[in-house]
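This report refers to the structure that appears directly beneath it.
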Amino acid sequence: MAKRDRAGHGPAVTRPSVIVVFGAAVWPGGRASPSLMRRIGYAEEAAAAAPHAMIFCSGGVGRHPPSEASIMARVLISRGVDPARLVLDEDSKDTLQSAAAAARFLRSRGERACIAISDAYHLPRIQLVLRALGVRASRGPTRRGHGGAGRRRWLYMQMREAPAIPYDLILALVRRRGLLAGSRAGQEKTARISPGRRGDAR
């Protein structure tokens, strides 16, 4: 939300107070995939730059447990992020569901802006879908080039985004009311991870 600057000359720009982290695959044995670890790293960087922002970790259980969100939280806590800043969405299974859950959380706080965390190829879809749901998403930190991924993998993921962007955008526009009115019961909860469970997901 904007506020007037000290000189009273007009609205001063304020950073969004919520960081939304989009999940990625968990590998067998509960290991975070390289993509998930990259996103956790980006979230850590964003959290350091915005020390008062809440961190919304989104990602349910995919092919392998545990949930993507729980791994994000565990690694971030092991790297010194205050658990009180973390909110977990452990039910969302894809980008659209994560965006909808994040939009509901933001609306519950009376906010309409966030910092989106993901790989660079994924961020355009995230921003468009969130915008369709009434949220202005600014891009979080990313790496240049392939972001640490192999060239073939990076090209494959970029190609996959081509049909996914219009598909998710249309769904978000058509189903906007239902997505935003979805039950929040069990969708988001404050992270509760004991110190004994701290550690890197790898």
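The values are calculated or read from the model by the stated rules, or taken from the named source; none is laboratory data. Fair warning: this is a prediction, and the values are worked out from it, not measured in the lab. Here the Cβ positions follow ideal geometry from the backbone for every residue, glycine too, while neighbour counts run over all protein chains shown.
Which one of Ile126, Ile77, Ile71, Ile117 is among the hydrophobic types (A, V, I, L, M, F, W, C), closer than 30 Å to Met159 by Cβ and in contact with a helix residue (DSSP H, G or I) (Cβ under 6 Å, 6 or more places away or on another chain)?
Ile117
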* Could you tell me which residue of the range 1-23 is modelled with the highest pLDDT, considering only residues that are under 23 Å from Arg125 (Cα atoms) and in a loop (DSSP other than H, G, I, E, B)? => Gly23
* Structure fact -> Of (1) at pLDDT 85 or above; (2) exposed (fewer than 13 other Cβ atoms within 10 Å of the Cβ); (3) part of a loop (DSSP other than H, G, I, E, B), Arg192 satisfies every one except (1)
* **Long-range neighbours under 6 Å by Cβ, at least six apart or interchain, first residue at pLDDT below 95 within the range 153-174, second surrounded by 12 or more Cβ atoms within 10 Å (Cβ to Cβ)** => Trp154/His146; Met157/Tyr121; Gln158/Tyr121
* Asked: Within the bounds of the range 136-151, is there any residue that is in contact with a Cys (Cβ under 7 Å, 6 or more places away or on another chain), β-branched (Val, Ile, Thr), buried (at least 17 other Cβ atoms within 10 Å of the Cβ) and touching a residue at least 24 places away in the same chain (Cβ under 8 Å)?
  -> no
* Does any residue of the range 143-152 turn out to be in contact with a helix residue (DSSP H, G or I) (Cβ under 7 Å, 6 or more places away or on another chain) and either more than 26 Å from Ala48 (Cβ to Cβ) or at pLDDT 85 or above (or both)? -> no
* Asked: When Glu111 is evaluated against the numbered criteria (1) under 15 Å from Phe22 (Cβ atoms); (2) of a type in the set (D, E, K, R); (3) modelled with pLDDT of 95 or more, which criterion, by number, is the only one it fails?
  -> (1)
* Report, ordered by the first and then the second residue, all pairs with beta carbons closer than 7 Å, sequence separation of six or more or different chains, a first member in the range 46-71 that is over 21 Å from Ser138 (Cα atoms) and modelled with pLDDT of 95 or more, and a second member that is among the aliphatic types (A, V, I, L, M) and part of a loop (DSSP other than H, G, I, E, B). => Gly62/Ala25; Ser67/Val61; Glu68/Ala24; Ile71/Ala201
